[in-house]
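The values are calculated or read from the model by the stated rules, or taken from the named source; none is laboratory data. Keep in mind that this is a model prediction, so the values were computed, not measured. Here Cβ is always computed from backbone atoms with ideal geometry, including for glycine, and neighbour counts include all displayed protein chains.
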Amino acid sequence: MYAYLEGNITELNPACAVIDCAGVGYEVNISLTTYSAIKNMQRTRLQIVHIVREDAQLLFGFHTVEEKKMFLLLISVSGIGANTARTILSAFDAVEVGRAILNDDAKKIQSVKGIGSKTAERVIVDLRDKINAELFASVYELDGTTSSNIRSISKDEALAALVTLGYPKNASEKILDKILLSNPECNSEELIKQALRLF
């Protein structure tokens, strides 16, 4: 139904963006990878996947076509829902997921919360022949954003992002504290990625 949305970013956090398109605000679920790419922008175009459920209609948005394609591949696997696919693409970008599949690296996929060994192996078996190695061979360019100009967001915002992704608040806070204890300078994206791998 929707191919993409292009407009001004009126609200943004690591799990959700509101895009103003001609005066209509669309709430779009995003991955941490997409958040990292658009967080310094005022206007963006997101590739959209429209998920229709009995109780809701959800929009999932992606900064690149490659990430959108990987999301669609992941949700085609039995046992992988939209939120789980988004969590995978928050822990790893599409390139990393593609390489894990091509390299039969079930442990990497299984490191994401909610993915058991059988599901990880199913992802590899189901998608191995569908992955275009050339398509996922490049490393993403985040529109000139480098580690030197990425601004950290607060622990509270990282906590809010994890809660939005469905993780318990108390457990999330303990994990964030543990990460910050060993790496106080950890930026927001890495903080959330490490937390996703520790649940």
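A compact table of results
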{"item": "Residue list for segment 5-43, filter: closer than 14 Å to Leu59 by Cβ, under 17 Å from the mean Cα position of the chain (by Cα) and surrounded by 15 or more Cβ atoms within 10 Å (Cβ to Cβ)", "result": "Ala15, Cys16, Ala17, Val18, Val28, Asn29, Ile30, Ser31, Thr34"}
{"item": "Among the residues listed as Asp126, Asp143, Asp177, Asp105, the single one being at pLDDT below 80 and either of a type in the set (Asp, Glu) or in contact with a strand residue (DSSP E or B) (Cβ under 8 Å, 6 or more places away or on another chain) (or both)", "result": "Asp143"}
{"item": "Pairs where the first residue, in segment 96-122, is under 18 Å from Ala82 (Cα atoms) and assigned by TED's automatic domain parsing to the domain that holds Val77 and the second is of a type in the set (D, E, K, R) and part of a helix (DSSP H, G or I), C-beta under 8 Å, 6+ apart", "result": "Ser111/Arg197; Val112/Arg197; Ala120/Lys107"}
{"item": "All helices (runs of 4 or more DSSP H) inside segment 71-115 with 2 or more residues being buried (at least 24 other Cβ atoms within 10 Å of the Cβ) and in contact with a helix residue (DSSP H, G or I) (Cβ under 7 Å, 6 or more places away or on another chain)", "result": "82-91, 94-102"}
{"item": "Test result for Ala17, within 23 Å of Lys155 (Cα to Cα), outside any loop (DSSP other than H, G, I, E, B), modelled with pLDDT under 95 and among the small types (Gly, Ala, Ser)", "result": "no"}
